[in-house]
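Data first, discussion second: the structure below is written as structure tokens.
The values are calculated or read from the model by the stated rules, or taken from the named source; none is laboratory data. Because the structure is a prediction, the values reported are computed rather than measured. In this analysis, Cβ positions are derived from the backbone assuming ideal geometry, glycine residues included, and neighbour counts consider all displayed protein chains.
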Amino acid sequence: MSRIQPSTFTLSRRKRFLILLVVLAVVAVLLAGTLFRENISSALRHITYSQKDDFPHNAQANSLFIGKGNELLVCTQSQVQLFSPTGKVLVKESASMTAPALNVSGKYAVVYDVGGKILLLLKDSELIQKLEMPGELTILSATVNEKGWVAVTSKEGGYKGVVTVYDPAFEAVLAIRLSSRYVSDAVVTPDCRGVYVISPGQAEGAFCNTLLYYTLSSREAPTRELSLGSNVIRSIRCGKQCWIMGDKSLMILDSSCVITASYDYDGRYLKMGSLQGDDFASLFLSVSDSGTGGTLVTVDNEGVPYAELHFAGQTLALAAQNETIAVLTTGDLYTTTRTLEQYTAESNQRGIRNVAVYADGSIATITSASVGLYFPGDIDHYDNPDLPTEEELAEAEAAAAEAAAAEEQSADGAAEPAAVEEAAQ
């Protein structure tokens, strides 16, 4: 009986060498993809969009532009439009508005007419609701949180302030009518169980904003009240937390009316800002109210600034989304990220008047007549000269420790005489 002999398979030295080369090539590609992911992503976007020409828009100088995901939302006095980066019209809705305004959070955006009656709600790439306020109601402001809950602040005869809360199905679930307080703005909390209402007024003869917290089940009185001081509220956004940008400080709140963090501008003037970053705020501050130059500051959700980056000349626009920030001046277009460690710069030679940031990091460059695309990854990055060196950080830490020790010693010294005086009594 014959036995089946096991077959043997051996590779020649040449074949083993070729396999090794293939393995090394695959490893190199994977490493390159990891190390240069941003540049590769930018290159792919550039290949996708570079053959597309700038597309026209019919917006006026006072029209609004903002990046919502990878789409451009444009609001004029006559219509609301949503464009793809290549100019494809996704939404085009007529709306007669005297003073258009908008609020964007995640995949939702609400557009409304300040002092008018029109309100539109968009989700992803669709218009899902168009509302005309009933009766004598006129809109003062409107916000939407990341889960699609809308808060509309309006004016109605016989009341100083009215707030209506709508769920994601756009059913009214709460109506607050106040006859003793004015209301300027409102936003549904991150957990969708309550609503924050901002009430301007006076305290000891000075202007003061008060934050009122209503749960959706408390229809008659606020559950909590919180003083916001003399801050004039510029913007509100509700994502994982509630961000309130005032003209004097930035405040971050949880869902139970507790300020978990804040950032004081320390006397500097807020020229412009954005809350559209991924869990951070972008603030452009200046030492002078009339000055042209200023400092870009990014602040995390604990109220701690990442860094600062100084700009000279007149700043025209600031926009942010996800990790990308764009700052437009009369001379240049700058792009950076939340850490501000590096930035790109391109000369503003095409008359760019405004910018918007897409979710993928590309920039919509807006002139008086058209919208183009800019890819920051295509330009060399420059180091931020304003970042402190390791030596400067070490010196600052040592100085802070020395100051803390001196303050503690001073406090101990001041406590001893008080104890002696108390014993003598």
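Below, the figures for the structure above:
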read-out: Some residue of segment 66-82 being part of a loop (DSSP other than H, G, I, E, B), at pLDDT below 80 and not hydroxyl-bearing (Ser, Thr, Tyr); value: no
read-out: Failed item in (1) crowded, with 17+ Cβ neighbours inside 10 Å; (2) modelled with pLDDT under 95, with residue 108 passing the rest; value: (2)
read-out: Strands (runs of 3 or more DSSP E) contained entirely in segment 133-172, each with at least 3 residues that are free of Cβ contacts under 8 Å to residues at least 40 places away in the same chain and more than 21 Å from residue 241 (Cβ to Cβ); value: 161-166
read-out: Evaluation of residue 281 against (1) under 24 Å from residue 104 (Cα atoms); (2) over 18 Å from the mean Cα position of the chain (by Cα) (one fails), failing number; value: (2)
read-out: Of all residues making up segment 146-199, the number that are among the β-branched types (Val, Ile, Thr) and touching a Cys at 6+ places or on another chain (Cβ under 7 Å); value: 3
read-out: Residue tally, condition part of a loop (DSSP other than H, G, I, E, B) and not hydroxyl-bearing (Ser, Thr, Tyr), over segment 83-104; value: 6
read-out: Residue 252 being at pLDDT 90 or above, under 19 Å from residue 152 (Cβ atoms) and not acidic (Asp, Glu); value: no
read-out: Residue ID - farthest from residue 216 (Cα to Cα), chosen from residues in segment 257-300 that are in contact (Cβ under 8 Å) with a residue 40 or more places away in the chain and among the charged types (D, E, K, R); value: 271
read-out: Among residues of segment 331-354, those that are surrounded by fewer than 17 Cβ atoms within 10 Å (Cβ to Cβ) and either among the aromatic types (Phe, Trp, Tyr) or in a strand (DSSP E or B) (or both), counted; value: 2
read-out: Hits in segment 311-330 - residues which are in contact with a Ser or Thr (Cβ under 7 Å, 6 or more places away or on another chain), part of a loop (DSSP other than H, G, I, E, B) and closer than 17 Å to residue 382 by Cβ; value: 313
read-out: Residue check, residue 95 surrounded by 14 or more Cβ atoms within 10 Å (Cβ to Cβ), under 30 Å from residue 245 (Cβ atoms), at pLDDT 85 or above and over 24 Å from the mean Cα position of the chain (by Cα); value: yes
